[in-house]
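Enquirer: Have a look at this one before I ask anything.
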Amino acid sequence: MTMNPSVDPAALNEEPETKAPRPGRGRYAKALRTRPAVASLTVLALIVLVAVALPFFLPYGPNEQGREALAAPGGTHPLGTDEVGRDLLARLIAGTRVDLLVTLIAVPIAAVAGTLLGLIGAVSPATGGFFQRVFEVLLGVPGIILGIAVAMAMGAGETAVIVAIVLITAPSFGRQARSSLLTQLSREYVAAAEVLGYSRVRVTFRHILPNMVDVVFVRFAMEMARAITIEGSLSVVGLGIQPPQASLGALISDGSAYLLDRPLYAMAPVVVVVVLVFCYIALSNALNKAVLRS
Amino acid sequence: MTNGDDMQDLHASSRAAAIPPPAELVLDVRHLSVALTLGDETVNVIEDVSFSVARGEILGVVGESGSGKSITALSVMQMLPKAAKVIEGSIEYRGRDLLGLQESAVQKLRGGEIGMVFQDPMAFLNPLMTVGQQLREVLRLHGASKKDAAVRAVELLQLVGVRDAENRVDAFPHEFSGGMRQRVIIALAVANNPTLLIADEPTTALDVTVQAGVLQLLTRLRDQLGMGLVLITHDIQIVREVCDSVMVMYGGRVLERGPVEEVFANPRQPYTRELMRSTPRLDAARLRRLSTIPGQPPDVLRRPGGCPFHPRCPLAVDRCRTEMPPLARWQEQKQEQERPHDVACWRAADADAITLEPDTTPFQAVDAERTPILQIVDARVAYGRKSLWSRSEPNEVVKGVSLTAYRGRTLGLVGESGCGKSTLARTIVGLQPLAGGTITIADKEWGSARSTGRRELRRVAQMVFQDPYSSLNPRHTIRDILTEPLVVHDIVPRVRRDARLQELISLVGLPKSVLDRYSYQLSGGQRQRVGIARALAMEPQLIVADEPVSALDVSVQAQIVNLLADLRDELGLALVVIAHDLSVVRHLCDEVAVMQGGRIVELADSETLFTQPQHPYTRSLLEAAPGSPWAAAAAPEEGVA
């Protein structure tokens with residue numbers, strides 16, 4: 001029998017060092033550097049900046065009545081005035097600010113609540129199942145009807161709009177969380193965690209949740225777009241933000257009466273809504289691509 | 001059909017028939033190089049690959065993951081992924097250069113004169129169409145009339161050995177078993193009487209008995225249709241049994257090529273020799289350790305210069321590190337031999353220094369007294385239960401199994417898919433509730449305790465999973481993964497944790513540097529070692545390993561098998577190993593239980609079971625295994641439906 005020559009095993013165990021990007025981090029940065037994402041982030045930032053800063057430089061407040069009602073655009077009223085002589089530019093900016101505020105409060109609440117309730121299934125299947133049925137019912141009711149019901153029950157106003165947005169968007173987060181949960185549960189690392197005796201809460205939050213935040217981000221941008229339209233439609237039926245406060249939806253609703261004479265009255269807020277929705281969707285797409293790529 | 005025929009007879013006769021007269025070359029690939037662009041990097045995934053296939057010839061392409069064997073097949077079919085591009089060489093199919101053809105012309109050839117069989121049968125069939133519809137579709141696309149296609153579809157199913165073809169033609173893919181599905185795919189591939197068939201790991205997803213049938217079918221079709229067949233596989237035993245010629249690939253290069261008898265009788269490339277030596281053999285007595293090739297197959301992006309095998313090659317000299325040896329005819333081959341035996345190695349003349357004999361240190365049984373650690377008595381496990389929503393009877397998968405595992409010993413559990421072996425494994429570690437019977441681990445009965453005492457059970461019994469890719473959380477570093485059990489169970493005080501991590505990691509033979517990596521940065525073998533280290537972190541007395549090596553490359557499998565054996569001996573662990581690969585079981589296990597349909601049909605110590613199998617099912621398993629000495633009495637092709 002021959003003795004075999006041998007290779008020094010120690011020399012083989014070391015692999016050349018590789019750059020170790022943390023999963024996720026670099027990916028988002030990369031996704032946000034793509035052209036559509038950069039464009040939509042820039043536009044969003046501009047809108048926020050204008051909504052926050054411009055009111056200080058405007059000659060009129062949003063609720064300040066001037067002498068001339070329904071003035072034509074031009075001069076000190078770049079967009080004209082409304083039926084009681086308020087400056088439309090000031091109202092448009094105030095309305096945008098209200099919309100941004102309302103959606104930025106409501107959608108994160110919906111995202112956290114929906115995701116957590118969706119994940120409950122990992123800890124208690126019965127409770128999880130119960131909330132899924134609740135979500136299904138909520139999804140089954142048209143958003144506008146749900147919103148009207150909330151506004152009727154609570155009295156129309158900002159709070160009602162926020163609650164309505166939460167109730168309408170939370171189910172999508174919940175269903176999303178559920179489906180990601182089921183995907184992750186079938187992975188062997190979850191079984192491994194169970195065999196290692198980790199508690200279900202630990203497995204859910206330390207192991208499953210980090211593996212599904214990607215999709216929550218994508219969904220978040222998507223739902224921001226939807227929230228803007230929800231505020232709009234509630235205001236159109238008069239159950240959104242209440243006068244005299246301005247909101248994009250209310251401006252569209254009021255302006256539509258003068259569409260032929262003063263097209264800018266309604267069209268300007270429509271453009272803002274479209275731009276906002278478009279930006280959120282572009283952002284969502286960019287994130288989604290980054291998630292799919294990994 | 002070929003009932004009663006055995007593979008070797010069939011093989012011998014066809015091989016004799018296949019050689020003369022000078023056969024027409026069906027496929028002639030020359031100096032093929034394919035570049036792959038990943039991000040900003042471009043690498044040559046295969047380099048200078050040349051081979052040819054004659055009519056009636058079966059060429060086996062062997063290689064591990066990353067060897068470039070599948071890319072080679074895809075480039076012949078002109079189905080390379082977008083990121084890959086042929087940068088050099090030619091692919092001639094019956095004298096026509098495929099690379100110069102229009103896409104439409106290539107489409108005509110695919111599924112017509114050139115057929116392809118893929119690994120995963122379910123992914124290849126459309127679940128919403130009956131197999132008949134799918135067969136007729138491919139026939140119609142290549143010009144058959146509606147009526148002819150309908151007749152031919154039934155004929156094809158008969159040809160590939162589907163019983164009751166007239167009725168089965170209207171069945172959907174999910175109504176077929178895995179092996180039958182693979183046959184349907186083969187029927188699709190040969191529907192238009194191809195002259196060339198490319199089969200990429202056609203049997204990897206199948207059970208041994210089914211695998212034997214599919215391989216037999218391929219050889220029979222080769223004989224009946226006279227086609228050339230390229231069989232891509234990681235299993236050299238299959239090549240030895242079925243193929244006429246063989247091409248060994250490693251790191252994108254062809255290292256050795258030639259007629260099967262010659263290459264296997266006199267392999268000249270150290271890699272070929274090491275590969276043959278490290279493949280566990282069914283016909284050898286139980287060994288203390290399996291021979292291994294140290295290290296792991298190179299990553300596609302980080303291939304070494306010179307000969308790709310040099311870092312793992314015991315014969316490597318300086319020249320091997322800098323210069324790729326040319327593929328040249330082995331000098332000592334007799335010149336009158338018609339088919340050349342080519343080898344690419346600077347040290348081919350000295351390759352005999354690597355013996356082909358496995359490490360012959362025989363296994364020495366530890367004659368310690370047998371202390372039972374796991375006792376299973378009449379265990380029953382069922383899925384589904386009657387509830388308000390479903391009235392269906394629970395489906396019992398484990399039907400009364402009794403087993404005992406002892407400290408410092410290994411119990412093997414073998415059987416084909418669906419026999420309940422994995423379910424039993426999950427039940428032992430408490431992932432599945434027991435429906436009846438008892439499981440006692442370390443003198444404590446756990447079966448009924450659904451949640452109480454669970455934490456204690458975790459400390460005693462641990463599990464190693466099959467898929468090292470999904471059993472490690474991709475978001476955690478190896479350090480996180482190994483620290484977590486220590487923290488959760490407060491096994492080691494905080495100050496000692498680091499020391500314990502180092503201990504664990506060296507116990508499984510990994511360098512410290514892996515601690516700060518993520519699992520996806522490790523190779524399959526390294527991941528499996530991490531999985532084992534994680535189980536060891538709990539200081540268990542029993543480890544259940546469910547197919548611990550089946551997802552790994554051949555050269556790495558042996559390393560893990562040895563590691564498990566070492567740990568068992570060093571730490572006095574009891575091991576329960578579930579496997580479908582009989583040769584792995586033979587060398588790792590002291591006792592083997594054969595499972596069929598949820599029951600144990602045979603239980604014996606490993607030596608006895610492999611030399612004198614009693615139960616007919618055990619015998620059929622052994623006969624069907626590639627490289628099996630029992631093949632002479634192999635099961636008929638239609639053995640499993």
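The values are calculated or read from the model by the stated rules, or taken from the named source; none is laboratory data. Because the structure is predicted, anything quoted here is derived from the model rather than measured. Positions of Cβ are backbone-derived with ideal geometry, glycine not excepted, and every protein chain shown enters the neighbour counts. Just so you know, the surface numbers come from the protein's heavy atoms only, side chains and all, with ligands and any DNA or RNA stripped out. Shrake-Rupley method; radii C 1.70, N 1.55, O 1.52, S 1.80 Å.
Enquirer: Can you confirm whether the range A:227-238 contains a residue that is part of a helix (DSSP H, G or I) and open to solvent by 70 Å² or more (accessible area, probe 1.4 Å)?
Expert: yes
Enquirer: Let me ask something additional. B:Leu507 - would you say it is on the phi < 0 side of the Ramachandran plot, among the hydrophobic types (A, V, I, L, M, F, W, C), more than 10 Å from every other protein chain (Cβ to nearest Cβ) and buried (at least 19 other Cβ atoms within 10 Å of the Cβ)?
Expert: no
Enquirer: Could you tell me whether the range B:286-297 includes any residue that is buried (at least 24 other Cβ atoms within 10 Å of the Cβ), without any contact (Cβ under 8 Å) to a residue 60 or more places away in the chain and farther than 25 Å from B:Arg339 by Cβ?
Expert: For the range B:286-297, residues buried (at least 24 other Cβ atoms within 10 Å of the Cβ), without any contact (Cβ under 8 Å) to a residue 60 or more places away in the chain and farther than 25 Å from B:Arg339 by Cβ: absent.
Enquirer: Looking at (1) over 30 Å from B:Tyr271 (Cβ atoms); (2) modelled with pLDDT of 90 or more; (3) surrounded by 24 or more Cβ atoms within 10 Å (Cβ to Cβ), can you tell me which one B:Thr195 breaks?
Expert: Of the numbered conditions (1) over 30 Å from B:Tyr271 (Cβ atoms); (2) modelled with pLDDT of 90 or more; (3) surrounded by 24 or more Cβ atoms within 10 Å (Cβ to Cβ), the odd one out for B:Thr195 is (3).
Enquirer: Here is a follow-up. When the range B:225-274 is examined, which residues are found to be within 28 Å of B:Ala84 (Cβ to Cβ) and charged (D, E, K, R)?
Expert: Within the range B:225-274, B:Asp235, B:Arg253, B:Glu256, B:Arg257 qualify.
Enquirer: For residues in the range A:133-145 being in contact with a helix residue (DSSP H, G or I) (Cβ under 6 Å, 6 or more places away or on another chain) and not β-branched (Val, Ile, Thr), which is nearest to A:Gln242 (Cα to Cα)?
Expert: Only one residue tops the list, namely A:Gly143.
Enquirer: Could you tell me whether any residue of the range B:299-313 is in the same structural domain as B:Gly60 (by TED's automatic domain parsing), aliphatic (A, V, I, L, M) and open to solvent by less than 30 Å² (accessible area, probe 1.4 Å)?
Expert: The answer is no; no qualifying residue exists.
Yes/no per residue for (1) at the interface with chain A (Cβ under 8 Å from one of its Cβ atoms); (2) polar (S, T, N, Q); (3) in a helix (DSSP H, G or I); (4) under 29 Å from the mean Cα position of the chain (by Cα):
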position: B:Pro474; (1), (2), (3), (4): yes, no, no, yes
position: B:Ile491; (1), (2), (3), (4): no, no, no, no
position: B:Gln526; (1), (2), (3), (4): no, yes, yes, yes
position: B:Ile532; (1), (2), (3), (4): no, no, yes, yes
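Enquirer: Next question, about the same structure. Counting only residues that are crowded, with 16+ Cβ neighbours inside 10 Å and modelled with pLDDT of 80 or more, which one in the range A:56-72 is farthest from A:Val272 (Cα to Cα)?
Expert: A:Tyr60
Enquirer: With respect to A:Ser199, is the statement that it is without any contact (Cβ under 8 Å) to a residue 60 or more places away in the chain, of a type in the set (Ser, Thr, Tyr), within 14 Å of chain B (Cβ to nearest Cβ) and open to solvent by 70 Å² or more (accessible area, probe 1.4 Å) true?
Expert: No.
Enquirer: Restricting attention to the range B:544-562, does a residue exist that is farther than 25 Å from B:Ile293 by Cβ, open to solvent by less than 10 Å² (accessible area, probe 1.4 Å) and outside any loop (DSSP other than H, G, I, E, B)?
Expert: The answer is yes, given that some residue of the range B:544-562 is farther than 25 Å from B:Ile293 by Cβ, open to solvent by less than 10 Å² (accessible area, probe 1.4 Å) and outside any loop (DSSP other than H, G, I, E, B).
Enquirer: Where in the range B:204-277 are there helices (runs of 4 or more DSSP H), lying wholly inside it, with at least 2 residues that are farther than 22 Å from B:Val26 by Cα and open to solvent by less than 10 Å² (accessible area, probe 1.4 Å)?
Expert: B:208-225
Enquirer: Another question, then. Among (1) surrounded by fewer than 22 Cβ atoms within 10 Å (Cβ to Cβ); (2) in contact with a Ser or Thr (Cβ under 7 Å, 6 or more places away or on another chain), where does A:Cys279 come up short?
Expert: A:Cys279 satisfies every listed condition except (1).
Enquirer: Can you tell me which residues in the range B:493-516 are of a type in the set (Gly, Ala, Ser) and in a loop (DSSP other than H, G, I, E, B)?
Expert: B:Gly509 - this is the single residue of the range B:493-516 that is of a type in the set (Gly, Ala, Ser) and in a loop (DSSP other than H, G, I, E, B).
Enquirer: Within the range A:162-196, track down each residue that is open to solvent by 10 Å² or more (accessible area, probe 1.4 Å) and within 14 Å of chain B (Cβ to nearest Cβ).
Expert: A:Ser180, A:Thr183, A:Gln184, A:Leu185, A:Ser186, A:Arg187, A:Glu188, A:Val190, A:Ala191, A:Glu194
Enquirer: State all residues of the range B:246-271 that are within 21 Å of the chain's Cα centre (by Cα) and either outside the structural domain of B:Val86 (by TED's automatic domain parsing) or without any contact (Cβ under 8 Å) to a residue 40 or more places away in the chain (or both); if no residue qualifies, say none.
Expert: Listed by number, the list holds a single entry, B:Phe264.
Enquirer: Provide a single number: the residues in the range A:164-218 that are among the β-branched types (Val, Ile, Thr) and closer than 24 Å to B:Gly531 by Cβ.
Expert: The number of residues fulfilling the criteria is 7.
Enquirer: A further question follows. For A:Leu209, which of the numbered conditions (1) closer than 30 Å to A:Val123 by Cβ; (2) over 21 Å from the mean Cα position of the chain (by Cα); (3) not polar (S, T, N, Q) fails to hold?
Expert: Going through (1) closer than 30 Å to A:Val123 by Cβ; (2) over 21 Å from the mean Cα position of the chain (by Cα); (3) not polar (S, T, N, Q) one by one, A:Leu209 breaks only (2).
Enquirer: Could I ask something else about it? Is it true that A:Leu138 is open to solvent by 30 Å² or more (accessible area, probe 1.4 Å), at pLDDT 90 or above, assigned to a helix (DSSP H, G or I) and of a type outside the set (Ser, Thr, Tyr)?
Expert: Spelling it out, A:Leu138 is indeed open to solvent by 30 Å² or more (accessible area, probe 1.4 Å), at pLDDT 90 or above, assigned to a helix (DSSP H, G or I) and of a type outside the set (Ser, Thr, Tyr).
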